[in-house]
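Trainee: Got a structure here, written out as C-alpha cells. Questions coming.
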Amino acid sequence: MYVPDTQFECDNERTALMTNQVNAPRKAAGRPAAAKSAKARAAAPTKRAARTKAAKRTPTEVAALTKVYREMLLIRRFEERAARSYTQALIGGYCHLNLGEEAAVVGLLSALERTDYLFTNYREHGYAISRGIDPNRVMAELYGRIDGVSKGWGGSMHMFDITHRLLGGYGIVGGQIPLATGAALAIDYRGGSEVVMCTMGDGTTNIGAFHESLNIAALWNLPIVYVIINNRLGMGTTVEKSSAEPELFRRGAAYRIESARVDGLDPLAVAEASARAVAVARAGRPYLLEVVSERLRGHSVVDPAKYRSEAEVLQLREHDPVVTFGAQLVREGVIDADAMAAIEHEVTARIDEAAAFAEASPTPDVATLFDYNYATPVANDSRRLPGQPLFEPAPLPDPGEDQ
Amino acid sequence: MTTMTFRQALQETLRAEMLRDENVLLLGEEIGVFEGSYKITAGLLAEFGEKRVRDTPIAEEGFTGAAIGAAMLGLRPVVEIMTINFSLLALDQIVNHAAKIYGMFGGQAKVPIVIRTPGGGGQQLGATHSQNIELYYAFVPGLKVVAPSTPADAKSLLIAAIRDDDPVLFLENLALYNTKGDVPDDDTPAEIGRAAVTRTGRDLTLIGYSRMAHVAAQVADQLAASDGLDIEVIDLRSLRPLDRPTIIESVKKTHAAVVVEDDWLTYGIGAEVAATISDGAFDYLDAPVRRVAMAEVPLPYSKSLETAALPSVDDVINAVHQTLDAVGRRHQKVGHD
C-alpha cells in the first residue's frame, strides 16, 4: 500500500513520534505535545505550506499517495452516506462513524499484511473498507441484509469477515482486547509470523480488560499491536476527565511495552508509526501506539455533540484529514485538480453502487433464525419462536391409570 | 472399567485429550507449578511444559478472553477458573463474547473453549466462595453448560466438551472431587443435552444435578428401604440445553416431582424444571412440583448456620413425603367424588 518516502517533508511538530522506549530513561522520550496539540494543529497547515517544496516524484510514489487519498475519501463518502441512510431509517440500531479518522484508519492498516489479523470496536466501517472488504457488503450489513459481511447478524457494531481477517467489530467497550490478545497467543502457539492489530478508543484504556491484556501480552511476548485512537472524547467525556495519565501511550510503560504517540491527521505519519509498531510485534513483542485523531461529528449519528464549544467545532474544519491531505497533494503537485475531481466522481459512484446494492439485497429469511445456534449441533436445542408453546398440547392421561 | 475418583477422571481425561490433539492447551491460575488449587492438573506441567499448561496472572477477564480469542483461531483451550465465584470477573468475556461470536458474526468463527470451574457450598468458605451460579450461564443461548455428578460422566462429558466447537461451561463441585466410581476405559464422548435416568421408579420423580444428583440418589435408596417407595431419579447432567423430554416422560409416568438444587430457589434451575413440567405434563400431575433449594441468604461461615441454609437429605425426604401425601389426598378426593 503506502510506499515510505524519505523525501516527503513533514511538519515535525505535528508528526514527530513521541516514543516510550522500553528501558530508556523517561526524559529521553521527549515531552509529548498533548497540552499544546490543538494549538499546534491549528498552526500546522500554514507552517506546512511554508515549508513544503514541490518534489519530483516517481509514478510509483504518485500512485501510492493517490491510493491513500482515494481510500480516505472512500471512507469519508461511505460514512456520509451511512449517516444519510440512517436518518432515512434504512439503517437501524446505533451507527458510529469514522469521520475524522480516515487518515488514522488508512495509515494503520497500510502496515498490515493480508495474513495479519485485525480486531476493532464498534466504530469500524472504515476499517472494514480499508481492509479490502467490498463496500457493498459493508453497506449491506448496515442495512441488515443477507449479503452483509456478517450476514445481517451483526449490524454497524459487529462487522466480521474471516477471509479478510477482520475478526470483529465489537460493541462492548474493551471486549475485543482480551480476544485479540488470545489471537496473538494462538499465532505464537503455532509459531506463525502473523501479527494482530487491536484498535480501541481513548476511553477504553480505563477498562480492566485493557490492563489485564497488556500485562498478559508482555508476560508472554505476544505479537500484537494495541492501537489507541485518541479523539480526546469518550462519548462526551474528555480524556483529561477520565484518564489519570492523559498521555495514553505512557500506559505501556507500566507493562514494559514499547509505545509511541503519532499525529492521526497525517496518514503518512501514521503509516510510518504503524509499520514500526508492526515490525516490533512481528519480532515477538507487543506494542502500544496512540494515534491522536479527531471525531468530526458526535459519538454516533444521533448525537448532536452539544458538549463541544463553537470554537472547537470551527477548529475541527481545519483538522479535517481528508481535506488537509488532499490539499497537500495538490499543493505539492502530486495530483492536479482534474485528477482530484475524477477521484471524487469515481468514489461517489462507488458509494452510490454500495447503497444500491445494499438496498437490493434481500433481508434474511426468518427460517434461518436458528441457523447459528451452535457450531456443533446438540440434543434438545431450542428452536421455539416467542409465541409457540414449549410442548404441543398432550392428550389427556387415561383417568384409570395408576388409580 | 477402572475405579477412580472424580479428580482422577478429570486429570486423566485432560491428559488424554492433550495427547490426542495438540491444539488442546490449559490456562488458569495456579494450574502449573502449583498443580491446581484442587490438584486437577497435577503432573501436566511436567509432562507437557509451559507452552501447553499456562499459569496465568490473576486476571480472569484477561485470560478467559484470551482463551476465547485463541479458540477463534482454532486452538481448543481448556480454562480453569479456580471457583465459579471468580467467573464473575470474566462474565463479559463469557456472556458478551464467547456466547455471541458464532451467531453474531453469521457463523464465521467458532469458539471451541471449555471453562472448567467448581461450585459448591458446605465447605465453610463463606458467602463469596460458596455459590452455585451456573444458572447465570445456563440462561445464555450460545453457551452449553454441563454438570457431571460421577467420575464416568466427568470423563465422557469433558471429552465431549473439549471436542465440541462451541463454548462449554463445565461445572464441577468441590464436594465431589474425592468421590469414586467406575469409569469406562474407552474415550466415547457423552452426548451434551441429555439427562440420565439413574434410577427408574413409578412413585415420584426426583430431579437433581451435580452434588444434588447424589443427594437425590441417596434419598431414593433410603426411602426404598424405609418406606418401600419406588422413586425415579433424573440427573440433569446438561443445564443448557435442558433435556426437557426426559423430564416430561418421567413425570407422565410418576405423576409427581421434586427438584433438588444447590442454588437459591427464586429464579433457580428448579424453577425452570418446574415450569417445564407445568407446560409439558400439567394434566399428569397429582401434586404441585416441589423444589428443595438453598435458603435465600448469602451462605454463612459458621457451620450451624451453613448447614441450616443448605438442602439436606432430610429436607428432601420431607419434601418427598409431603408431595406423596398430597398425591394421596388427591387420589382420596377423586375416589370420594
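Trainee: Within region A:285-293, does at least one residue satisfy the condition of being over 21 Å from A:A180 (Cβ atoms), surrounded by 15 or more Cβ atoms within 10 Å (Cβ to Cβ) and under 19 Å from the mean Cα position of the chain (by Cα)?
Mentor: Taking region A:285-293 first, the residues over 21 Å from A:A180 (Cβ atoms) are A:292.
With surrounded by 15 or more Cβ atoms within 10 Å (Cβ to Cβ) added as a condition, the list becomes A:292.
Now drop any that are not under 19 Å from the mean Cα position of the chain (by Cα), which leaves A:292.
Checking region A:285-293: at least one residue is over 21 Å from A:A180 (Cβ atoms), surrounded by 15 or more Cβ atoms within 10 Å (Cβ to Cβ) and under 19 Å from the mean Cα position of the chain (by Cα).
Table: residues versus (1) over 19 Å from B:T323 (Cβ atoms); (2) in contact with a Lys or Arg (Cβ under 6 Å, 6 or more places away or on another chain); (3) at pLDDT 95 or above; (4) not assigned by TED's automatic domain parsing to the domain that holds B:F282.
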position	(1), (2), (3), (4)
B:L204	no, no, yes, no
B:A220	no, yes, yes, no
B:D227	no, no, yes, no
B:D230	no, yes, yes, no
B:P241	yes, no, yes, no
B:T246	yes, no, yes, no
B:A257	no, no, yes, no
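Trainee: With region B:185-297 as the region, which helices (runs of 4 or more DSSP H) entirely inside it contain at least 1 residues that are within 14 Å of chain A (Cβ to nearest Cβ) and either crowded, with 19+ Cβ neighbours inside 10 Å or in contact with a Pro (Cβ under 6 Å, 6 or more places away or on another chain) (or both)? Working first, answer last.
Mentor: On the way: elements: B:211-227, B:244-254, B:269-281.
So the answer is B:244-254, B:269-281.
Trainee: Just one of A:V138, A:V149, A:V196 is more than 7 Å from every other protein chain (Cβ to nearest Cβ), in contact with a Pro (Cβ under 9 Å, 6 or more places away or on another chain), buried (at least 23 other Cβ atoms within 10 Å of the Cβ) and not acidic (D, E); which is it?
Mentor: Values: A:V138 fails: in contact with a Pro (Cβ under 9 Å, 6 or more places away or on another chain); A:V149 fails: in contact with a Pro (Cβ under 9 Å, 6 or more places away or on another chain).
Among A:V138, A:V149, A:V196, only A:V196 is more than 7 Å from every other protein chain (Cβ to nearest Cβ), in contact with a Pro (Cβ under 9 Å, 6 or more places away or on another chain), buried (at least 23 other Cβ atoms within 10 Å of the Cβ) and not acidic (D, E).
Trainee: Pick out the one residue from A:A367, A:A358 that is out of contact with any Ser or Thr (no Cβ under 6 Å at 6 or more places or on another chain) and without any contact (Cβ under 8 Å) to a residue 24 or more places away in the chain. Before you say what the answer is, go through the steps one by one.
Mentor: On the way: A:A358 fails: without any contact (Cβ under 8 Å) to a residue 24 or more places away in the chain.
When all the criteria are applied, what remains is A:A367.
Trainee: Given the options A:I187, A:I216, name the one that is at the interface with chain B (Cβ under 9 Å from one of its Cβ atoms) and more than 30 Å from A:P246 (Cβ to Cβ).
Mentor: Details: A:I216 fails: more than 30 Å from A:P246 (Cβ to Cβ).
After ruling out the rest, the residue left standing is A:I187.
Trainee: Only one of (1) part of a loop (DSSP other than H, G, I, E, B); (2) surrounded by 15 or more Cβ atoms within 10 Å (Cβ to Cβ) fails for A:A339. Which number is that?
Mentor: (1)
Trainee: Within region A:88-135, work out how many residues are out of contact with any strand residue (DSSP E or B) (no Cβ under 8 Å at 6 or more places or on another chain), surrounded by fewer than 22 Cβ atoms within 10 Å (Cβ to Cβ) and among the β-branched types (V, I, T).
Mentor: Qualifying residue count, region A:88-135: 1.
Trainee: Turning to a different aspect of this structure: As an exercise: evaluate A:N373 against (1) over 30 Å from A:R81 (Cβ atoms); (2) more than 11 Å from chain B (Cβ to nearest Cβ); (3) in contact with a Phe, Trp or Tyr (Cβ under 9 Å, 6 or more places away or on another chain) and give the number of the one condition it does not meet.
Mentor: Result: A:N373 fails condition (2) only.
Trainee: Within region A:104-116, can one find any residue that is farther than 24 Å from A:S213 by Cβ and in contact (Cβ under 8 Å) with a residue 60 or more places away in the chain? Before you say what the answer is, go through the steps one by one.
Mentor: The first filter runs over region A:104-116 and keeps only residues farther than 24 Å from A:S213 by Cβ, leaving A:106, A:110, A:114.
Still in the running and in contact (Cβ under 8 Å) with a residue 60 or more places away in the chain: A:106, A:110.
Yes, because at least one residue in region A:104-116 is farther than 24 Å from A:S213 by Cβ and in contact (Cβ under 8 Å) with a residue 60 or more places away in the chain.
Trainee: Restricted to region B:306-337, and to residues that are hydrophobic (A, V, I, L, M, F, W, C) and loosely packed, with under 14 Cβ neighbours inside 10 Å, which residue is nearest to the other protein chains (Cβ to nearest Cβ)? Don't jump to the end; show me each part of the working.
Mentor: Going through region B:306-337, the residues hydrophobic (A, V, I, L, M, F, W, C) turn out to be B:308-310, B:313, B:316-317, B:319-320, B:324, B:326-327, B:334.
In the following step, the residues that additionally are loosely packed, with under 14 Cβ neighbours inside 10 Å were identified as B:308, B:334.
On the way: B:A308: 35, B:V334: 7 Å.
The qualifying residue nearest to the other protein chains (Cβ to nearest Cβ) is B:V334.
Trainee: Related question: Just the residues that are under 16 Å from the mean Cα position of the chain (by Cα) and within 18 Å of B:I40 (Cβ to Cβ), please, taken from region B:179-208.
Mentor: Once the filter is applied, which keeps residues that are under 16 Å from the mean Cα position of the chain (by Cα) and within 18 Å of B:I40 (Cβ to Cβ), region B:179-208 yields only B:T179.
Trainee: Okay, moving on. Among what's in region A:219-240 and is within 30 Å of B:N23 (Cβ to Cβ) and out of contact with any Phe, Trp or Tyr (no Cβ under 6 Å at 6 or more places or on another chain), pick the residue that is farthest from the other protein chains (Cβ to nearest Cβ). Please lay out each step first, then the result.
Mentor: Taking region A:219-240 as the starting set, the residues that turn out to be within 30 Å of B:N23 (Cβ to Cβ) are A:219-227.
Narrowing further to those that are out of contact with any Phe, Trp or Tyr (no Cβ under 6 Å at 6 or more places or on another chain): A:219-224, A:226-227.
Working: A:L219: 7, A:W220: 8, A:N221: 12, A:L222: 9, A:P223: 12, A:I224: 10, A:Y226: 13, A:V227: 16 Å.
My answer is A:V227.
Trainee: Still on this structure: Restricting region A:152-168 to residues that are more than 7 Å from every other protein chain (Cβ to nearest Cβ) and closer than 13 Å to A:Y122 by Cβ, which is surrounded by the most Cβ atoms within 10 Å (Cβ to Cβ)?
Mentor: Filtering region A:152-168 for residues more than 7 Å from every other protein chain (Cβ to nearest Cβ) gives A:152, A:155-157, A:159, A:161, A:163-166.
Applying the additional criterion that residues be closer than 13 Å to A:Y122 by Cβ yields A:155-157, A:159.
Values: A:G155: 22, A:S156: 26, A:M157: 22, A:M159: 28.
Taking the candidates together, the pick is A:M159.
Trainee: Next up: Is there a residue in region A:245-257 that is within 28 Å of A:A63 (Cβ to Cβ), surrounded by fewer than 18 Cβ atoms within 10 Å (Cβ to Cβ) and either in contact (Cβ under 8 Å) with a residue 24 or more places away in the chain or not hydroxyl-bearing (S, T, Y) (or both)?
Mentor: In the first step, residues of region A:245-257 are kept if they are within 28 Å of A:A63 (Cβ to Cβ); the result is none.
Within region A:245-257 (the criterion being within 28 Å of A:A63 (Cβ to Cβ), surrounded by fewer than 18 Cβ atoms within 10 Å (Cβ to Cβ) and either in contact (Cβ under 8 Å) with a residue 24 or more places away in the chain or not hydroxyl-bearing (S, T, Y) (or both)), the answer is no, since none of the residues qualifies.
Trainee: Tally the residues that are of a type in the set (G, A, S) and crowded, with 20+ Cβ neighbours inside 10 Å, restricting the search to region A:55-82.
Mentor: Going residue by residue through region A:55-82, those that are of a type in the set (G, A, S) are A:55, A:63-64, A:82.
When the remaining residues are screened for being crowded, with 20+ Cβ neighbours inside 10 Å, the result is A:64, A:82.
Of the residues in that region, 2 qualify.
Trainee: Suppose the filter is within 14 Å of chain B (Cβ to nearest Cβ), over 30 Å from A:G154 (Cβ atoms) and without any contact (Cβ under 8 Å) to a residue 60 or more places away in the chain; does A:P395 pass it? Explain how you work it out, then say what you get.
Mentor: Details: within 14 Å of chain B (Cβ to nearest Cβ): yes; over 30 Å from A:G154 (Cβ atoms): yes; without any contact (Cβ under 8 Å) to a residue 60 or more places away in the chain: yes.
Considered against the rule, which asks whether it is within 14 Å of chain B (Cβ to nearest Cβ), over 30 Å from A:G154 (Cβ atoms) and without any contact (Cβ under 8 Å) to a residue 60 or more places away in the chain, A:P395 comes out as yes.
The values are calculated or read from the model by the stated rules, or taken from the named source; none is laboratory data. Values in this document were obtained by computation on a predicted structure and should not be read as measured data. Positions of Cβ are backbone-derived with ideal geometry, glycine not excepted, and every protein chain shown enters the neighbour counts.
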